[in-house]
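Peer 1: The structure is given below, and queries will be raised subsequently.
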There are 2 protein chains.
Amino acid sequence: MEPRDDSVSPVLVEVTRGDGVESRHRGSVAVVDVDGGVHLSLGSVDVPVPPRSAVKALQALPLVASGAADAVGLDDRALALACASHSGEADHLTLVADMLAAVALGVDDLACGPSWPLGEAAARDLARSGRPPTPLHNTCSGKHAGFLVLARALGTGTAGYTEPDHPVQIAVRAAIEAVTGAAPTEPVVDGCSAPTWPITLGDLARGFARFGTGAGLPADLATATERLRQAVAAEPWFVAGTGRFCTEIMTLTGSRAFVKFGAEGVFTAAMPELGLGVALKVEDGATRACEVVMAAVLERLLPDLDLAPFVRPAIRSRRGAVVGVVRPGPVWADFPT
Amino acid sequence: MEPRDDSVSPVLVEVTRGDGVESRHRGSVAVVDVDGGVHLSLGSVDVPVPPRSAVKALQALPLVASGAADAVGLDDRALALACASHSGEADHLTLVADMLAAVALGVDDLACGPSWPLGEAAARDLARSGRPPTPLHNTCSGKHAGFLVLARALGTGTAGYTEPDHPVQIAVRAAIEAVTGAAPTEPVVDGCSAPTWPITLGDLARGFARFGTGAGLPADLATATERLRQAVAAEPWFVAGTGRFCTEIMTLTGSRAFVKFGAEGVFTAAMPELGLGVALKVEDGATRACEVVMAAVLERLLPDLDLAPFVRPAIRSRRGAVVGVVRPGPVWADFPT
């Protein structure tokens with residue numbers, strides 16, 4: 001998949017307990033403009049990494065650019081859900097089912113596999129119901145519903161739509177290549193069975209600079225990026241869920257930032273008004289760390305916003321006492337807010 | 001808490017997806033004999049780390065050595081539970097309640113705070129019941145019940161039993177010092193509100209070599225270590241739970257290994273027949289990594305056992321396909337099995 005990475009990435013995040021540092025998270029970050037000009041670079045930004053769910057908005061581009069979304073009247077909420085790692089809350093599930101019904105498909109057509117909801121409260125609600133999880137509850141079911149709407153519009157069969165040689169995935173790959181400028185080779189398999197093509201953080205960041213501005217993109221893709229950004233800015237709950245980082249951040253930023261979490265510590269952002277894109281990967285894959293890294297980047301790029309609760313989330317005992325904090329590591333002192 | 005650690009620990013664990021490495025976990029390991037002779041050392045073994053639940057067996061020593069456990073007839077299951085990070089399954093909860101009842105106390109006397117069960121199935125069972133989590137469900141409630149039994153035997157009040165200056169914690173600290181030879185200064189606060197005193201991996205490993213053999217310990221502590229080891233070997237389900245690493249490993253090893261997980265990537269083991277102790281810390285705190293590191297150590301120390309499923313656990317898609325593996329990093333090639 002990628003060349004062997006023997007370099008050592010800096011400590012981007014520290015986890016404290018009392019007065020000391022208990023754990024450390026290393027990683028890499030690229031902040032790049034539409035031409036690939038480097039605004040900030042830490043760690044290994046030239047090593048391909050599977051971008052996982054951090055490129056769901058790119059995976060949704062053919063759905064919009066092809067006219068498939070408009071043909072069945074997908075609204076802002078549905079487009080946000082097509083870009084989502086949702087929490088599996090009731091309104092997420094209802095809308096995924098509606099998207100499938102719009103093209104005369106159902107839960108059995110989803111190839112993402114069943115899973116318990118990503119959201120803890122939603123998972124407990126499902127447990128309380130006594131019903132088992134289905135593919136609808138899978139955090140990627142909105143993306144998969146988007147794939148299926150696209151498959152219908154392409155006039156191709158829906159079977160095997162997660163295979164890399166299916167017309168849906170060929171279109172997805174072409175969009176990712178067009179936006180990032182990368183020419184990835186072999187994909188690996190994401191948790192939801194869709195292909196994910198390893199791409200360097202540098203290329204991902206440039207891609208999200210373009211996603212945020214449309215610069216350098218064909219007209220149909222440029223229009224599609226704007227449509228998706230507006231949809232998510234209008235309906236940020238549908239791209240994640242109650243209390244989730246992406247939803248909370250974009251509720252604060254509106255259309256000034258488009259941020260998207262991915263598994264194994266990947267995170268991307270588009271900053272339209274700044275003409276910048278962000279891509280980061282925490283070496284060990286920890287979600288708590290990639291969120292703090294993204295918050296530290298956003299704090300520097302949007303200094304008028306108060307992002308302190310996201311930059312330094314507290315660690316509490318089971319009785320609720322603050323016993324530590326997750327915080328940016330010493331390397332960030334070189335990049336003052 | 002600890003001196004600033006600027007050294008770089010080796011990659012102990014790799015997480016693959018397809019043919020490539022997606023994530024990496026760094027960390028430190030010490031395998032030491034009863035005199036502190038180093039059998040294996042990787043990374044920073046001289047930096048104090050909060051040992052968290054990996055020293056629960058040491059925290060339980062005063063309960064046994066004082067005679068408190070025998071005074072109320074605690075059996076093997078109860079002693080294992082006093083050393084446990086249990087999953088919160090029904091038989092765990094019943095036994096914690098029984099331990100409390102034996103000294104005329106109840107759930108309201110537990111200072112660990114409420115939490116959802118650590119075990120996923122147990123958490124779903126509780127959600128299905130519609131009842132909220134209580135301190136009984138806290139993975140540390142067995143340890144706390146042990147603290148309370150000790151408090152009763154000491155004739156001291158139970159209020160404030162998690163404060164470092166309470167007689168219970170003074171006794172616990174003395175036992176930890178006696179076994180590890182460390183003289184820790186200020187404790188930090190564990191997730192269950194008990195104090196946890198930072199100790200180097202080297203001292204912890206030597207301590208667990210002594211815990212496994214009794215070598216160099218006062219007679220009362222040596223007897224207590226043997227009693228606790230035998231209890232956990234006889235009842236390994238009570239020290240963790242269904243499908244959990246510690247339970248599964250000790251079901252295989254019996255009394256040949258005593259292994260104990262701790263939060264933030266800490267793990268310890270005593271190897272009585274080898275006269276060795278093990279202590280490790282994954283830099284980023286990941287549970288998936290510290291389990292694989294412990295399995296890699298055990299594979300080398302107990303080569304007659306088949307530990308492959310623990311050394312290289314599969315990563316599966318939501319549809320159940322194997323898409324990657326968690327495995328020991330390249331550094332382990334220097335220490336062949």
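Peer 1: For residues that are of a type in the set (Lys, Arg) and within 24 Å of the chain's Cα centre (by Cα), tally how many sit in segment A:293-337.
Peer 2: The qualifying residues number 3.
Peer 1: Would you call residue B:72 of a type outside the set (D, E, K, R) and surrounded by 20 or more Cβ atoms within 10 Å (Cβ to Cβ)? Reasoning before the result, please.
Peer 2: Working: of a type outside the set (D, E, K, R): yes; surrounded by 20 or more Cβ atoms within 10 Å (Cβ to Cβ): no.
No: the conditions fail for residue B:72.
Peer 1: Under 19 Å from residue A:291 (Cβ atoms) and in contact (Cβ under 8 Å) with a residue 12 or more places away in the chain: is that true of residue A:40 in this structure? Please lay out each step first, then the result.
Peer 2: Values: under 19 Å from residue A:291 (Cβ atoms): yes; in contact (Cβ under 8 Å) with a residue 12 or more places away in the chain: yes.
Yes: the conditions hold for residue A:40.
Peer 1: Let me ask you something else. Please tell me if residue A:285 is buried (at least 24 other Cβ atoms within 10 Å of the Cβ), at pLDDT 95 or above and touching a Cys at 6+ places or on another chain (Cβ under 8 Å). Please lay out each step first, then the result.
Peer 2: Numbers: buried (at least 24 other Cβ atoms within 10 Å of the Cβ): yes; at pLDDT 95 or above: yes; touching a Cys at 6+ places or on another chain (Cβ under 8 Å): no.
Against the criterion (buried (at least 24 other Cβ atoms within 10 Å of the Cβ), at pLDDT 95 or above and touching a Cys at 6+ places or on another chain (Cβ under 8 Å)), residue A:285 does not qualify.
Peer 1: Keeping to segment B:191-231, report how many residues are among the aliphatic types (A, V, I, L, M) and not in a helix (DSSP H, G or I).
Peer 2: Going residue by residue through segment B:191-231, those that are among the aliphatic types (A, V, I, L, M) are B:194, B:199, B:201, B:204-205, B:209, B:215, B:217, B:219, B:221-222, B:224, B:228, B:231.
Subsequent filtering for residues that are not in a helix (DSSP H, G or I) retains B:194, B:199, B:215, B:217.
Residues in segment B:191-231 being among the aliphatic types (A, V, I, L, M) and not in a helix (DSSP H, G or I): 4 in total.
Peer 1: Any idea which of (1) open to solvent by less than 30 Å² (accessible area, probe 1.4 Å); (2) away from chain A (no Cβ under 14 Å); (3) among the hydrophobic types (A, V, I, L, M, F, W, C) is the one residue B:274 doesn't satisfy?
Peer 2: Unmet for residue B:274, out of (1) open to solvent by less than 30 Å² (accessible area, probe 1.4 Å); (2) away from chain A (no Cβ under 14 Å); (3) among the hydrophobic types (A, V, I, L, M, F, W, C): (1).
Peer 1: Could you check how many residues of segment A:288-337 are of a type in the set (Val, Ile, Thr), more than 14 Å from chain B (Cβ to nearest Cβ) and either in contact with a Phe, Trp or Tyr (Cβ under 9 Å, 6 or more places away or on another chain) or buried (at least 21 other Cβ atoms within 10 Å of the Cβ) (or both)?
Peer 2: 2
Peer 1: Looking for whichever is free of Cβ contacts under 8 Å to residues at least 12 places away in the same chain, over 30 Å from residue A:31 (Cβ atoms) and either away from chain B (no Cβ under 12 Å) or not in a loop (DSSP other than H, G, I, E, B) (or both) here; the options are A:101, A:97, A:123. Which one fits?
Peer 2: A:101
Peer 1: Right, here's the next one. I'd like the full set of residues that are among the β-branched types (Val, Ile, Thr) and either surrounded by 21 or more Cβ atoms within 10 Å (Cβ to Cβ) or in contact with a Lys or Arg (Cβ under 7 Å, 6 or more places away or on another chain) (or both), limited to segment B:89-116.
Peer 2: B:96, B:103
Peer 1: So, one more: Got a number for residues in segment B:104-120 being facing chain A (nearest Cβ under 10 Å) and free of Cβ contacts under 8 Å to residues at least 24 places away in the same chain?
Peer 2: Total satisfying the criteria: 1.
Peer 1: I'd like to check something: does segment A:180-190 contain any residue that is within 14 Å of another protein chain (Cβ to nearest Cβ), in contact with a Leu (Cβ under 9 Å, 6 or more places away or on another chain), touching a residue at least 40 places away in the same chain (Cβ under 8 Å) and not aromatic (Phe, Trp, Tyr)?
Peer 2: no
Peer 1: Follow-up question, since we're still on this one. Anything in segment A:126-150 that is buried (at least 23 other Cβ atoms within 10 Å of the Cβ) and part of a loop (DSSP other than H, G, I, E, B)? List them, or say none.
Peer 2: Selection gives A:138, A:139, A:140.
Peer 1: Also: I'd like to check something: does segment B:81-88 contain any residue that is out of contact with any Asp or Glu (no Cβ under 8 Å at 6 or more places or on another chain) and open to solvent by 20 Å² or more (accessible area, probe 1.4 Å)?
Peer 2: Among the residues of segment B:81-88, not one is out of contact with any Asp or Glu (no Cβ under 8 Å at 6 or more places or on another chain) and open to solvent by 20 Å² or more (accessible area, probe 1.4 Å), which makes the answer no.
Peer 1: May I ask you to list the residues in segment B:8-23 that are over 18 Å from residue B:280 (Cβ atoms), in contact (Cβ under 8 Å) with a residue 12 or more places away in the chain and at the interface with chain A (Cβ under 7 Å from one of its Cβ atoms)?
Peer 2: B:17, B:18, B:22
Peer 1: Let me ask something additional. What is the number of the single condition among (1) assigned to a loop (DSSP other than H, G, I, E, B); (2) touching a His at 6+ places or on another chain (Cβ under 6 Å) that residue A:92 does not meet?
Peer 2: Evaluating residue A:92 over (1) assigned to a loop (DSSP other than H, G, I, E, B); (2) touching a His at 6+ places or on another chain (Cβ under 6 Å) leaves (1) as the failure.
The values are calculated or read from the model by the stated rules, or taken from the named source; none is laboratory data. All of these numbers come straight from a predicted model, not from anything done at the bench. All Cβ positions, even for glycine, are placed from backbone atoms using ideal geometry, and neighbour counts span all protein chains on display. Quick note on the areas: whole protein, heavy atoms, side chains included, nothing else; ligands and nucleic acids left out. Shrake-Rupley method; radii C 1.70, N 1.55, O 1.52, S 1.80 Å.
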